[in-house]
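Asker: Before I ask anything, here is the structure I am working with.
The values are calculated or read from the model by the stated rules, or taken from the named source; none is laboratory data. Keep in mind that this is a model prediction, so the values were computed, not measured. Backbone-built Cβ (ideal geometry, glycine too); neighbour counts: all protein chains shown. Note: areas computed on protein heavy atoms with side chains; ligands, DNA, RNA excluded. Shrake-Rupley method; radii C 1.70, N 1.55, O 1.52, S 1.80 Å.
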Amino acid sequence: MKLQQLKYIWEVARHDLNVSATAESLFTSQPGISKQIIMLEDELGVQIFHRSGKHLTEITPAGCPIVSMAGEILDKVENVRQIAQEYSDQDRGTLSIATTHTQARYLLPDIISEFIGRYPDVALHMHQGTPVQISEAASKGAVDLAIATEALELFDNLIMLPCYRWNRSVIVKHDHPLANVNKANENKLTLEELAEYPIVTYVFGFTGRSQLDDAFNAEGYVPKVVFTASDADVIKTYVKLGIGVGIVASMAFDPKIDSELVAIDASHLFEASTTKIGLRRGTFLRGYMYEFIELFAPHLNKALVDEALNAKTNEEIEQLFAGVELPYH
């Protein structure tokens, strides 16, 4: 049994049993991968994959635990490399982050600038996507860290570290009937008023959208959502066009940049959301990774992160952070 063979079966499983796509991603040949998989199956005496002609169709019952264990072994091998690199060169390496547009655009620029200033020899790679996409990337080990508000809990092998809480603002043009609401802390905006207007907001599954829908449903209102996007800047653009009333994360509104719009505090209407960092269980964090996490969420010091990494269940992690007061953004 060779480490290369374990890598092949793991990568084939990750690529939905597409050997051609696997070969392309690994810069090798399709026949070479197929040959090594057959050799491994012959050595083990079991089939790892069912086949239809030359095509792999599904993972066999025996193959499922074998592929899963291959992934664990490859993780440990990568950790060995990371440990060696940590001691041989503590300030050089890579850091891959997957996140949403809101985090990348509004929260991360200053943090990344500070991080690069401290670690100029660390190559930082940022990937943007839906919460499910970025959570899946962390779950599969394709990135080191996932930063999101939604979907991290869908993957059992992710450790979730709560970072900060945030809420929403309603954004309208200056001549909109709602523009003067809340100005003197009188007549606060209500869901009933908001439900009267067409709404422009996030796609479901993005940036705490579920809390928005829950709030309307709890009061018996059906919001008139006429346009959705994953990007707060796109939402603001369509509000400026008069398409509807915008609902965005409060952090996404800048009075100077968004001078054509008015932001109305909506924190009393919607439950606050929590943004978290997700990382795969068993991940070896290098020194600069701990430092990035603490830059993003100052309460997440190395000792606290290590406690979370050593926790056996998500319930233990929740208890660990039960007494931690998270900042608001």
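Asker: How much FRET efficiency would the formula 1/(1 + (r/R0)^6) give for Q90 and D175, where r is the Cβ-Cβ distance and R0 is 51 Å, rounded to 0.05? Don't jump to the answer; show the numbers that get you there.
Answerer: Details: r = 57 Å, r/R0 = 1.11.
Between Q90 and D175 the formula returns 0.35.
Asker: Also, quick follow-up: State which stretch of the chain is the longest one without any exposed chymotrypsin sites (Phe, Trp or Tyr not before Pro), exposure meaning a DSSP loop state and at most 13 other Cβ atoms within 10 Å. If you can, show how the numbers build up before the last one.
Answerer: Numbers: sites that count: F27, F204.
Maximal segment without exposed cleavage sites: 28-203.
Asker: With the other protein chains left in place, how much accessible area per residue, in square angstrom, belongs to segment 40-82 at a 1.4 angstrom probe?
Answerer: Details: 2720 Å² over 43 residues.
Value for segment 40-82: 63 Å² per residue.
Asker: Can you pull the one-decimal nm distance between simple spin-label points at D265 and K35, each 7 Å off the Cα toward Cβ?
Answerer: The two pseudo-label positions are separated by 7.0 nm.
Asker: In segment 3-162, what percent of the accessible surface is made up of carbon and sulfur (1.4 Å probe, ligands and nucleic acids excluded)?
Answerer: Details: 4330 of 8340 Å².
So the carbon and sulfur contribution to the accessible surface is 52 percent.
Asker: For segment 139-272, what number results from the quotient of the Cα radius of gyration and 2.2 N^0.38 Å?
Answerer: On the way: Rg = 15.9 Å, N = 134, 2.2 N^0.38 = 14.1 Å.
Ratio of Rg to 2.2 N^0.38 Å for segment 139-272: 1.12.
Asker: Using a Gaussian network model on the chain with a 10 Å cutoff between Cα atoms, which of N79, N157, N217 fluctuates the most?
Answerer: N217
Asker: Segment 228-329: percent of C-alpha pairs farther apart than 24 Å?
Answerer: Working: 2321 of 5151 pairs.
For segment 228-329, the share of Cα pairs beyond 24 Å comes to 45 percent.
Asker: Let me ask something else. How much accessible area per residue does segment 222-276 have, in Å², with a 1.4 Å probe? Write out the running numbers ahead of the final one.
Answerer: Working: 2460 Å² over 55 residues.
Normalised by residue count, the accessible surface of segment 222-276 is 45 Å².
Asker: For H55 paired with A311, estimate the spin-label separation in nm (one decimal), with each label point 7 Å from Cα along the Cα-to-Cβ line.
Answerer: 4.4
Asker: What pairs from K76/K276; K7/K276; K140/K173; K224/K256; K140/K240; K256/K276 go past 32 Å between their alpha carbons? It would help to have the intermediate numbers written out before the result.
Answerer: Values: K76/K276 25 Å; K7/K276 30 Å; K140/K173 43 Å; K224/K256 29 Å; K140/K240 40 Å; K256/K276 28 Å.
The answer is K140/K173; K140/K240.
Asker: Please report the equivalent ellipsoid semi-axes of segment 111-158, computed as sqrt(5 x eigenvalue) of the Cα gyration tensor, largest first, in whole Å. If you can, show how the numbers build up before the last one.
Answerer: On the way: eigenvalues 116, 23, 15 Å².
Result for segment 111-158: semi-axes of 24, 11, 9 Å.
Asker: For a quick check: with amide H placed at 1.01 Å from N, whose amide H comes under 5 Å from V225's, ignoring anything fewer than 5 positions away on the same chain?
Answerer: I199
Asker: Okay, moving on. If you build the Cα gyration tensor of the chain and take the root of 5 times each eigenvalue, what three semi-axes come out, in whole angstrom, biggest first?
Answerer: Equivalent ellipsoid of the chain: 43, 24, 18 Å, largest first.
Asker: Right, next: Pull out the extension gain between K240 and E219, defined as 0.36 nm times the separation in residues minus the alpha carbon to alpha carbon distance; nm, one decimal.
Answerer: Values: separation 21, 0.36 × 21 = 7.56 nm, distance 2.83 nm.
Here the segment from K240 to E219 would lengthen by 4.7 nm.
Asker: If the convex hull of the alpha-carbon atoms of segment 1-126 is projected onto planes in all directions, what is the mean projected area in square nanometres?
Answerer: 10.1
Asker: Sticking with this one: Can you give me the C-alpha center-to-center distance between segment 229-265 and segment 275-324, rounded to a whole angstrom?
Answerer: 33
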